[in-house]
Amino acid sequence: MFLYMKQLFYKYQGTGNDFVMIDNRKDVFEKHNTALIAHLCNRRTGVGADGLILLESEPGYDFRMVYFNADGNESTMCGNGGRCIVAFANFLGIIEKNTKFLAIDGPHLAHIDDAYVELKMQDVSSISSNDNYHILDTGSPHYVSLQSGLQAIDMNVEGAKIRHTPPFDIEGVNVNFAEKINDDTFSIRTYERGVEGETLSCGTGATAVAIAMFHSNQTTSKSISLETQGGVLKVRFKPISSSYSDVWLCGPTKQVFKGDLEW
């Protein structure tokens with residue numbers, strides 16, 4: 001028997017990182033349907049997005065964030081997605097200015113003021129470095145490398161090379177190239193696993209670059225601006241020995257449009 005389904009959705013973007021956003025507090029969306037999610041994120045045959053995010057109920061929290069990559073698979077934390085779901089929760093009337101919600105990597109605090117969202121990220125306690133790059137987890141695993149001539153790099157080619165090269169090919173890594181503008185500003189481009197291409201912005205990537213640049217003495221600032229392809233993000237943190245706490249990812253969000261999904 002053919003079952004017809006219809007679902008209201010919203011489209012949000014944060015510095016160009018875009019998401020299909022669904023209020024799933026009644027648990028009606030087919031979140032285990034990988035093919036459906038991939039179809040909705042497809043830019044030619046679906047809505048088009050870097051990922052799909054479900055807002056769900058969670059006891060003891062304002063809501064739960066469930067994030068799926070554009071390939072349809074549930075994934076690790078998405079920083080810009082986290083900022084966008086805070087804006088979505090505010091739009092739905094679930095929260096006002098402040099919130100505490102649960103994501104796959106644990107609890108997050110956030111504050112929203114006129115669509116500008118400050119999101120507290122998890123602490124970073126381990127950074128693996130060599131002469132050419134740094135590896136750290138900011139909710140998702142990231143490779144960070146300082147480059148010159150950043151805008152001339154073909155990220156879809158160079159990022160894919162690293163993402164699919166051992167040992168990074170087993171679980172996958174997000175690839176970030178950064179170029180120093182001044183002591184507290186870096187330009188950044190990111191190739192994201194799951195999307196399998198360059199995105200206009202990546203929140204966990206911006207967080208990773210900010211911390212990696214401080215850790216490698218490329219900056220003395222604990223509040224850093226990251227110029228992404230889609231806009232400017234700010235990351236601030238407190239270094240404690242070789243660890244980083246009180247990490248905040250900050251930037252604008254925007255509701256782009258809404259519509260009905262039919263399947």
**Request:** Would you please calculate the Kirkwood hydrodynamic radius of the stretch 125-234 over all C-alpha pairs and express it in Å, rounded to one decimal?
**Result:** 13.6
**Asked** Picking from L119, L150, L233, which is most flexible by a Gaussian network model of the chain using Cα springs under 10 Å?
**Response** L150
**Hz values of 3J(HN,Hα) by residue in the stretch 257-263 - Karplus curve (6.51, -1.76, 1.60), Gly and Pro given as x** = 6, 9, x, 10, 8, 10, 8
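Provide M77, M121, M155 in ascending order of the number of other Cβ atoms located within 10 Å of each residue's Cβ, fewest first.
On the way: M77 23, M121 26, M155 19.
Ranked by crowding around the Cβ, least crowded first: M155, M77, M121.
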**Asked** What does the charge dipole of the chain about its Cα centre add up to, to the nearest 20 debye, if the Cβ of each Lys and Arg holds +1 and the Cβ of each Asp and Glu holds -1?
**Response** 340
**Message:** Going Cα to Cα from K97, which lysines come in below 30 Å? Please leave out same-chain ones fewer than 8 positions away.
**Reply:** K11, K26, K31, K120, K222, K234, K238, K254, K258
**Asked** Given +1 on the Cβ of Lys and Arg, -1 on the Cβ of Asp and Glu, and no further charges, what dipole in debye does the stretch 127-251 carry about its Cα centre, rounded to the nearest 20?
**Response** 320
**Prompt:** Over the stretch 155-253, what is the mean sequence separation of C-alpha contacts under 8 Å (at least six apart), divided by residue count, expressed as relative contact order in percent?
**Reply:** 21
**Complete:** A correct fewest-to-most ranking of W248, W263 by other Cβ atoms within 10 Å would be W263, W248
**Distance histogram in 5 Å bins (all Cα pairs of the stretch 16-141, percent per bin)** = 2, 11, 20, 21, 18, 14, 8, 4, 1, 0, 0
**Complete:** When the charge dipole of the chain is computed with +1 at the Cβ of Lys and Arg and -1 at the Cβ of Asp and Glu, the Cα pointing farthest to the positive end, of C202, V117, F91, is that of F91
**Fill in**
Note to self: C-alpha centroids of the stretch 158-211 and the stretch 99-155 sit apart, in Å, by 9
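Any read-out appearing in this document is the output of simple, stated calculations on the displayed coordinates, not a laboratory observation. Quantities reported herein were computed from a predicted structural model and do not represent experimental measurements. Reconstructed Cβ throughout: ideal geometry from the backbone, glycine too, with neighbour counts over all protein chains shown.
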